[in-house]
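Q: Handing you a structure now.
The values are calculated or read from the model by the stated rules, or taken from the named source; none is laboratory data. Everything quoted here is computed from the prediction, not taken from an experiment. No Cβ is skipped: glycine too gets one built from the backbone with ideal geometry, and neighbour counts run over all protein chains shown.
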Amino acid sequence: MQLRSTGARLATAVTVVLAVTALGAGTLATAPAAFAATSASSEQAAATLPVFPEGSELAGVGATGFLSSSFDESYTRNLLWTPYDGGASTEIQQPEGGGVFVAGSDVVVIGDASWNLEMRSITLRNMADPAAPAVSIDLGALNGTYVTVLSPTSVLAQIMTEQGWELHVVTKDGATTTSRKVEGLPEDASEFVGSTTHDGSVLVGYATGPEGARTGGRALIDVAAGTVTETYASAESGYDFTSLMFSGSHVAWLDYDSTSGLYVTSVDRKTGDRKKTVLGVRDGKWYYELVGDRLVYGNPSKAALAVSLTGGETLELGVTASSSAAAADGSAVLRGSRAADGDGLFRVAAGADGTPTVTKVAETGTPVAEQPLAIDEVHVPDTADLDKTGGKVTLGWTLSRADAYLDVTLTHVATGKEFKKRLTAPASGTLFSFDWDGVIDGVDAPNGTYGVEAEATLLDGTGEPAYQGWLMNVVRAADPHDYTNNGSTDVLARDAAGVLWRDDLRDRPVNGQVAPAKRTKLGAGFQAYNAIEAAGNLAGGPAGDFVARDTTGVLWSFLGKGDGTFVNRTRIGAGWGAYNKIAAGSDLTGDGRPDLVAVDGAGALWLHKATGKWDAPYAARVRLASAGFNTYNQLTAVGDVAGTVAGDVVARDTAGVLWLFPGKGDGTFAPRVRIGGGWGVFSQLVGAGDLDNDGRPDLIAYGSGGTYVYHSTGSVTTPFSRRTTSLYAGEGTKFNSIA
């Protein structure tokens, strides 16, 4: 149901929306604003070129695609591999404290350090085949670190041996890792760095010479042979070690001196002639690539130039760029703009005569003025039944463009509780979506009506935000042990001081374990009661209730309000002190109401059938057994754990053996079934409702040796399976009553 509002949106809008006819989920009440006409050239470019995400920078290129990088509002790095052929983009996850790198090929290197030369554990992903298994290599096991990537299964690594540092080709074939030394380097070479690999070779840099007077060296390596084929001296190891480049005619690297600033040293591979091309000041944000015999360079305030390293002539490329990346085919890709066709990625390649050609290979997007930001479609269901969807609901909004972020707010109308999330640009397309897990501030959100508001804003902050509001109803099956109307079990516990606490558990296991979400103090003075029992829904309201017997034998009911609190107690009646055991909350008579059973001093078992009346919840008692129940020291109503026709009861005898009394649906029980021994270690056994969201009620066992959850199996002979829980961890003696 749509919720449209402005200003103080939700409070006003909810009233309006509740008074109008509901619309189908995802249907707008009014049509979105019409798009402004786009030029034919824009439409054609968008149709034929992949999209480079606006607000991103170029992180690397390969033969089949490119890697873009951006940061969201929380400074999380977002990496996206986009193929040139228009295929689906792939999100690359950067590990915490790690890094992601591309060195000219389609192989993305994911490592355990933010600086590539410190990576000891790496994963190689071949983005030419995104579905192919990743290849992981443990360089630390070889006492090595990463230098550069060679193929989808091999890298260069520097290895520390007894003789010192060595450069190795490390290859992973299945489960086997092999390493072979590169021959022909100086014996004292160390601090290796590498270039993009192409034409079967890679250029490496290193430091060599005695301590205190080490200089730089460069070596071209034949990867297949594992040998050095060419070497070049360098005055020093270089200002930026990773800026190594080579082509069929030249090798080049970045250098610096205080007089010239940044400059590129290039060497003609045939003649050995050296050339110094000055870039400028050190902090000028320069980019530089070697394309054939041309050095391509520039910065964001200077148009890209291509200078011939043989003839010296300079060609202006017509692109103003902010960054660049080298590709394994010898070309370079610039991130920038051109007057003729706007923003995007531009490939610079050597033509047949060596003259650079510039081709646009990716489109940043339609200009803001030509495509206003709008929310075209809303994908929010009118009703989210979280029991049917595994506790999650997918919420989505289709925007008119992707270069935006979307702020989503879910507000529980009855309580004002809010969930907020910011969505960044999707990997592809313009559908901004996420799976809400039905949790607010770590606690399962209450059932009921939610205002679902979305506000989209362009990344560059221009234009007006786009807004849509919707109403969504969250529902779950009723849980008789739920006092907060959020589908999850709440457990009551009284401490030695008489304070009653409520633990709201999660609606389903977290990492396979039943876990508490939040503890709330309900009140003091409960030492006045010698029995407290969760009673289920006594009065037909939306939440569970509980009963408590005081020391004079009067039984009281505490009716749940559905928000975790309770109305003032209601007197049920006197005479309940005749019972030494009371068990409430299980429907034993098949009418859908939670009944109560109790044992008197003579060991007789009595049934108090539920009436559904809030002020007189139980009918007059009916005797189920005349004697024999004094052999049990614990009686617990657990619901239908055996998968039969009605609720069941378990009883523990004085030897610690637990017995199941399967309910027959008429208030009586089938013959008891032995569950097992060893239950005497627990001080409390609690029928706790459905803890794991499988549709069957479960049991909590509490004691000084730990608290456990016993998952019901639906079997009469083996009704429980034990699981661990973090509920009451380290608190096995803190509470004297659990319900």
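Q: Pick out the one residue from S74, S70 that is buried (at least 17 other Cβ atoms within 10 Å of the Cβ) and either more than 27 Å from V228 (Cα to Cα) or touching a residue at least 24 places away in the same chain (Cβ under 8 Å) (or both).
A: That would be S70, the only listed residue that is buried (at least 17 other Cβ atoms within 10 Å of the Cβ) and either more than 27 Å from V228 (Cα to Cα) or touching a residue at least 24 places away in the same chain (Cβ under 8 Å) (or both).
Q: Based on this model, can you work out whether V475 counts as hydrophobic (A, V, I, L, M, F, W, C) and within 14 Å of G562 (Cα to Cα)?
A: yes
Q: Here's another thing I want to ask about it. Just checking, how many residues over the range 316-329 are touching a Gly at 6+ places or on another chain (Cβ under 7 Å) and surrounded by fewer than 20 Cβ atoms within 10 Å (Cβ to Cβ)?
A: Count: 3.
Q: Can you tell me which of G705, G695 is on the phi > 0 side of the Ramachandran plot and part of a loop (DSSP other than H, G, I, E, B)?
A: Step by step, each of G705, G695 is checked, and only G695 is on the phi > 0 side of the Ramachandran plot and part of a loop (DSSP other than H, G, I, E, B).
Q: Something else now. Considering only residues that are in a loop (DSSP other than H, G, I, E, B) and of a type outside the set (A, V, I, L, M, F, W, C), which ones fall in the range 198-225?
A: D199, G200, G209, P210, E211, G212, R214 - these are the residues of the range 198-225 that are in a loop (DSSP other than H, G, I, E, B) and of a type outside the set (A, V, I, L, M, F, W, C).
Q: Moving on to the next point. Return the residues of the range 278-313 that are among the polar types (S, T, N, Q), modelled with pLDDT under 95 and part of a strand (DSSP E or B); say none if nothing qualifies.
A: Hit for the range 278-313 is N299, nothing else.
Q: Hey, among A528, A548, A534, which residue is at pLDDT 95 or above, out of contact with any helix residue (DSSP H, G or I) (no Cβ under 9 Å at 6 or more places or on another chain), closer than 20 Å to V491 by Cα and buried (at least 20 other Cβ atoms within 10 Å of the Cβ)? Walk me through how you get there before you give the answer.
A: Numbers: A528 fails: buried (at least 20 other Cβ atoms within 10 Å of the Cβ); A548 fails: out of contact with any helix residue (DSSP H, G or I) (no Cβ under 9 Å at 6 or more places or on another chain).
It is A534.
Q: Any chance you could count how many residues in the range 560-576 are assigned to a strand (DSSP E or B) and out of contact with any Phe, Trp or Tyr (no Cβ under 7 Å at 6 or more places or on another chain)? Even if it seems obvious, please write down each step before you answer.
A: Let us first name the residues in the range 560-576 that are assigned to a strand (DSSP E or B), namely 560, 566, 570-573.
Keeping just the survivors that are out of contact with any Phe, Trp or Tyr (no Cβ under 7 Å at 6 or more places or on another chain) gives 573.
Residues that pass the stated criteria total 1.
Q: When you look at V267, is it touching a Gly at 6+ places or on another chain (Cβ under 7 Å) and either part of a strand (DSSP E or B) or buried (at least 19 other Cβ atoms within 10 Å of the Cβ) (or both), yes or no? I'd like the intermediate steps shown before the answer.
A: Details: touching a Gly at 6+ places or on another chain (Cβ under 7 Å): no; either part of a strand (DSSP E or B) or buried (at least 19 other Cβ atoms within 10 Å of the Cβ) (or both): yes.
Criteria not met by V267.
Q: Given the conditions (1) under 24 Å from S626 (Cβ atoms); (2) part of a loop (DSSP other than H, G, I, E, B), and given that K613 satisfies all but one, which numbered condition is not satisfied?
A: Single failed check for K613: (1).
Q: Then there's this: Find the residue count for the range 114-126, including only residues that are in a loop (DSSP other than H, G, I, E, B) and modelled with pLDDT under 95.
A: Qualifying residue count, the range 114-126: 2.
Q: What do you reckon, is R722 farther than 25 Å from D550 by Cβ, surrounded by fewer than 19 Cβ atoms within 10 Å (Cβ to Cβ) and not hydroxyl-bearing (S, T, Y)?
A: It is true that R722 is farther than 25 Å from D550 by Cβ, surrounded by fewer than 19 Cβ atoms within 10 Å (Cβ to Cβ) and not hydroxyl-bearing (S, T, Y).
Q: Now a separate question. Pick out the one residue from G351, G396, G429 that is on the phi > 0 side of the Ramachandran plot, of a type in the set (G, A, S) and surrounded by fewer than 21 Cβ atoms within 10 Å (Cβ to Cβ). Walk me through it before giving the result.
A: On the way: G351 fails: on the phi > 0 side of the Ramachandran plot; G396 fails: on the phi > 0 side of the Ramachandran plot.
Only one candidate qualifies: G429.
Residue by residue, here is whether (1) within 30 Å of W81 (Cβ to Cβ); (2) touching a strand residue (DSSP E or B) at 6+ places or on another chain (Cβ under 6 Å) holds:
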{"residue": "K388", "(1), (2)": "no, no"}
{"residue": "T394", "(1), (2)": "yes, yes"}
{"residue": "R401", "(1), (2)": "yes, no"}
{"residue": "K417", "(1), (2)": "no, yes"}
{"residue": "S428", "(1), (2)": "yes, no"}
{"residue": "M472", "(1), (2)": "no, yes"}
{"residue": "P480", "(1), (2)": "no, yes"}
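Q: Another one. Which of the residues spanning the range 616-634 are under 25 Å from Q684 (Cα atoms) and not in a loop (DSSP other than H, G, I, E, B)?
A: Within the range 616-634, Y618, L624, A625, F629, N630, T631, Y632, N633, Q634 meet the criteria.
Q: Answer with yes or no whether S715 is without any contact (Cβ under 8 Å) to a residue 40 or more places away in the chain, part of a loop (DSSP other than H, G, I, E, B) and farther than 25 Å from A598 by Cβ.
A: no
Q: In the range 82-90, is there at least one residue being among the hydroxyl-bearing types (S, T, Y), in a strand (DSSP E or B), under 27 Å from T359 (Cβ atoms) and at pLDDT 85 or above?
A: From the range 82-90, those among the hydroxyl-bearing types (S, T, Y) are 82, 84, 89-90; that's our starting set.
From the residues that got through so far, the ones that are in a strand (DSSP E or B) too are 82, 90.
Then drop every residue that is not under 27 Å from T359 (Cβ atoms), which leaves 82, 90.
Next cut, at pLDDT 85 or above only: 82, 90.
Yes - at least one qualifying residue is present in the range 82-90.
Q: Within the range 476-493, can one find any residue that is over 22 Å from the mean Cα position of the chain (by Cα) and surrounded by fewer than 21 Cβ atoms within 10 Å (Cβ to Cβ)?
A: Yes, some residue in the range 476-493 is over 22 Å from the mean Cα position of the chain (by Cα) and surrounded by fewer than 21 Cβ atoms within 10 Å (Cβ to Cβ).
Q: Which residues, taken from the range 470-481, are more than 19 Å from K388 (Cα to Cα) and part of a loop (DSSP other than H, G, I, E, B)?
A: Selection gives H481 alone.
Q: Condition first: in a strand (DSSP E or B) and surrounded by fewer than 19 Cβ atoms within 10 Å (Cβ to Cβ). Now tell me which residues in the range 173-197 satisfy that.
A: Correct list: D173, T176, T177, T178, S179, R180, K181, E183, S190, E191.
Q: Still on this model: Can you tell me which of (1) at pLDDT below 95; (2) under 27 Å from G438 (Cα atoms) is the one T717 doesn't meet?
A: (2)
Q: Across the range 482-517, which residue is farthest from L699 (Cα to Cα) among those that are of a type in the set (G, A, S) and in a strand (DSSP E or B)?
A: A517
Q: Quick check: anything in the range 659-681 modelled with pLDDT under 95, on the phi < 0 side of the Ramachandran plot, in contact with a Lys or Arg (Cβ under 8 Å, 6 or more places away or on another chain) and of a type outside the set (G, A, S)?
A: No, the range 659-681 contains no residue that is modelled with pLDDT under 95, on the phi < 0 side of the Ramachandran plot, in contact with a Lys or Arg (Cβ under 8 Å, 6 or more places away or on another chain) and of a type outside the set (G, A, S).
Q: Something else about it: Pick from the range 518-559 the residues that are β-branched (V, I, T) and assigned to a strand (DSSP E or B): which of them is farthest from K613 (Cα to Cα)?
A: So, considering only residues that are β-branched (V, I, T) and assigned to a strand (DSSP E or B), the one farthest from K613 (Cα to Cα) is T520.
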